[in-house]
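**Q** I'd like to ask you about the structure that follows.
The values are calculated or read from the model by the stated rules, or taken from the named source; none is laboratory data. What you see is a predicted model; the values in this text were computed from it and never measured. Counting neighbours? That spans all protein chains shown, and the Cβs are built from the backbone with ideal geometry, glycine included.
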Amino acid sequence: MNKPGASYTERERCPVYTAIRVIEGRWKPMIFRRLGEGVLGFGELRRAMPGVTIKVLRQQLRQLEAHGVVTRSVEQRATLRVRYRLTPHGRTLGPVFESLWAWGVAHLARLDDARIDPRKV
C-alpha cells in the first residue's frame, strides 16, 4: 500500500512534471519565443505581447529566471535599462517548444477536421 503523500513525492521528482512546471504559464511560451529571437527589455517584451499585464509579465520572468532559463541584466546609462535573454540552459528548451508546436498544429487540424471548437475541449 502506498504511504500518504507518496504520489505527491513521486510527482515532484517526475521529469515530465518538472519540465511542465518550468514552462507552464499563460505567457511563458510567448516570452520564450520572443527571447529566442534576441535580447529584449521589459518594455519591448510587454509591447510584443499585447494583453499581458505588468504584474504577470514580471512574475513569469522571475519564475523563468529562478529556473535558470532566463537571465536579467541591468545596464546603467542615463536611465537604468533592464535586459532579458535566454540562458544557454534556456536555449535547450528550443526543441521542446518546436515539438509542442508541431503537436499543437496537428491537434488543431484534427479538431478542425472533427469540427470541434478547441476552446470547448
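**Q** If we scan the range 6-21, do we find a residue that is surrounded by 14 or more Cβ atoms within 10 Å (Cβ to Cβ), modelled with pLDDT under 95 and not hydroxyl-bearing (Ser, Thr, Tyr)? Please lay out each step first, then the result.
**A** Taking the range 6-21 and keeping what is surrounded by 14 or more Cβ atoms within 10 Å (Cβ to Cβ), we get 21.
Right, trim to modelled with pLDDT under 95 and you get 21.
Okay, now just the ones that are also not hydroxyl-bearing (Ser, Thr, Tyr), so 21.
There is at least one residue in the range 6-21 that is surrounded by 14 or more Cβ atoms within 10 Å (Cβ to Cβ), modelled with pLDDT under 95 and not hydroxyl-bearing (Ser, Thr, Tyr).
**Q** Suppose we keep only residues that are within 17 Å of Arg26 (Cβ to Cβ) and in contact with a strand residue (DSSP E or B) (Cβ under 8 Å, 6 or more places away or on another chain) within the range 44-72. Which one would you say is surrounded by the most Cβ atoms within 10 Å (Cβ to Cβ)?
**A** Residues of the range 44-72 within 17 Å of Arg26 (Cβ to Cβ): 45-46, 48-64, 67, 69-70.
This time we only want the ones that are in contact with a strand residue (DSSP E or B) (Cβ under 8 Å, 6 or more places away or on another chain), so: 45, 48, 61, 64, 69-70.
Numbers: Leu45: 20, Ala48: 15, Leu61: 21, Leu64: 25, Val69: 22, Val70: 22.
Ranking the candidates gives Leu64 first.
**Q** Any idea which of (1) at pLDDT 90 or above; (2) among the acidic types (Asp, Glu); (3) touching a strand residue (DSSP E or B) at 6+ places or on another chain (Cβ under 9 Å) is the one Glu75 doesn't satisfy?
**A** Glu75 satisfies all of (1) at pLDDT 90 or above; (2) among the acidic types (Asp, Glu); (3) touching a strand residue (DSSP E or B) at 6+ places or on another chain (Cβ under 9 Å) except (1).
**Q** Here is a follow-up. Considering only the range 26-77, state which residues are among the aromatic types (Phe, Trp, Tyr) and part of a loop (DSSP other than H, G, I, E, B).
**A** Here is the first cut: in the range 26-77, the residues among the aromatic types (Phe, Trp, Tyr) are 27, 32, 42.
Within the range 26-77, Trp27 is the sole residue that qualifies.
**Q** Scan the range 78-100 residue by residue and report those that are under 20 Å from the mean Cα position of the chain (by Cα), outside any loop (DSSP other than H, G, I, E, B) and surrounded by 12 or more Cβ atoms within 10 Å (Cβ to Cβ).
**A** Val82, Arg83, Tyr84, Arg85, Leu86, His89, Gly90, Arg91, Gly94, Val96, Phe97, Leu100, listed by residue number.
**Q** Condition first: modelled with pLDDT under 95, touching a helix residue (DSSP H, G or I) at 6+ places or on another chain (Cβ under 8 Å) and aromatic (Phe, Trp, Tyr). Now tell me which residues in the range 78-121 satisfy that.
**A** If the condition is that a residue be modelled with pLDDT under 95, touching a helix residue (DSSP H, G or I) at 6+ places or on another chain (Cβ under 8 Å) and aromatic (Phe, Trp, Tyr), then Phe97 is the only one that fits.
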